[in-house]
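K.L.:
The structure under discussion is supplied below as structure tokens; questions concerning it will follow.
The values are calculated or read from the model by the stated rules, or taken from the named source; none is laboratory data. If you're wondering where the values come from, they're calculated on a predicted model, not measured in any experiment. Cβ placement follows ideal geometry from the backbone for every residue including glycine, while neighbour counts extend to all protein chains displayed. Please note that ligands, DNA and RNA were not included when accessible areas were found on the heavy atoms of the full protein model with its side chains. Shrake-Rupley method; radii C 1.70, N 1.55, O 1.52, S 1.80 Å.
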Amino acid sequence: MPQIKVRGINENNLCKISEKMIDELVEAVKCPRDYFEIECIKSVAIRNGKIADVYPFVEVAWFDRGQEVQDTVAKIITNNIRENLNIESMDLAFTVFEKEKYYENGEHF
């Protein structure tokens with residue numbers, strides 16, 4: 001159920017890299033393909049009183065899978081975006097869900 005939330009990257013460009021990237025993530029995370037979701041969040045950046053380009057930022061929200069898997073996932077996502085979309089710089093962060101605080105249909109994990 002890793003949720004990949006992306007800001008500052010065009011949704012059509014994300015579509016171009018999504019299949020290959022998810023293929024790589026399935027292998028790294030060892031979970032089914034349909035557990036992954038990429039969400040493209042449209043946002044507006046304002047700097048110095050003017051609308052500016054949104055800096056590319058990716059958030060992965062998931063249950064902890066350990067530092068090694070997390071590092072691998074960060075590299076897979078970063079490499080796919082930077083190499084295939086010609087994005088020079090971007091940030092990525094992980095949000096970790098706690099099972100007792102995550103609910104599906106009113107029941108926690």
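K.L.:
Got a number for carbon plus sulfur as a percent of the chain's accessible area, 1.4 Å probe? The partial results should precede the final answer.
P.N.:
Values: 3370 of 7310 Å².
Whole-percent figure for carbon plus sulfur exposure: 46.
K.L.:
Which whole-number value in Å² is the accessible area per residue of the chain, probe 1.4 Å?
P.N.:
On the way: 7310 Å² over 109 residues.
Per residue, the chain has 67 Å² of solvent-accessible surface.
K.L.:
So how tilted is helix 67-85 from the main axis of the chain? Cα-based, degrees 0 to 90, rounded to 10.
P.N.:
Helix 67-85 sits at roughly 30 degrees to that axis.
K.L.:
Greater than 20 Å separation of Cα atoms is the criterion. Which listed pairs, 16/75; 20/99; 30/75; 42/99, meet it?
P.N.:
Numbers: 16/75 18 Å; 20/99 29 Å; 30/75 16 Å; 42/99 29 Å.
Result: 20/99; 42/99 exceed 20 Å.
K.L.:
Could you point to the label whose value was computed as percent of Cα pairs over 24 Å apart for the structure here, given (1) 13; (2) 25; (3) 28?
P.N.:
Recomputing percent of Cα pairs over 24 Å apart here gives the entry labelled (3).
K.L.:
A further question follows. What longest range of the chain stays clear of loop-exposed GluC sites (Glu not before Pro) (DSSP non-H/G/I/E/B, at most 11 other C-beta within 10 angstrom)? Write down the numbers at each step before the final one.
P.N.:
Values: sites that count: 88, 98.
Looking at the chain, 1-87 is the longest stretch - no exposed GluC sites (Glu not before Pro) with at most 11 other Cβ atoms within 10 Å.
K.L.:
Next question. Let me spell out the model: positive unit charges on the Cβ of Lys and Arg, negative unit charges on the Cβ of Asp and Glu, origin at the Cα centre of the chain. What dipole size does that give, in debye rounded to 20? List each step's numbers first, then the result.
P.N.:
Numbers: 14 positive and 20 negative charges, 90 e Å.
For this selection, approximately 440 debye.
K.L.:
For n ≥ 4 DSSP H runs only, could you compute -39500 (n - 2.57) per run for the chain, divide by its residues and tell me the 222 nm figure to the nearest 500? Mind showing how you got there, number by number?
P.N.:
Numbers: 2 runs with 38 residues, N = 109.
Computed ellipticity for the chain at 222 nm equals -12000 deg cm²/dmol.
K.L.:
Find out how many positive minus negative residues lie around residue 76, taking Lys and Arg as positive, Asp and Glu as negative, among other residues whose Cβ is under 12 Å from that of residue 76.
P.N.:
Numbers: positive: 20, 75, 82; negative: 23, 24, 27, 71, 83.
Charge balance near residue 76 sits at -2.
K.L.:
Using +1 at the Cβ of each Lys and Arg and -1 at the Cβ of each Asp and Glu in the chain, identify which of 18, 32, 48 lies farthest towards the dipole's positive end.
P.N.:
48
K.L.:
Okay, moving on. So for the range 31-109, averaging the separation of alpha carbon pairs under 8 Å that are six or more residues apart and normalising by length, what relative contact order in percent results? Don't skip to the answer; put the middle values down first.
P.N.:
On the way: 59 pairs, mean separation 22.7, N = 79.
In percent, rounded to a whole number, it is 29.
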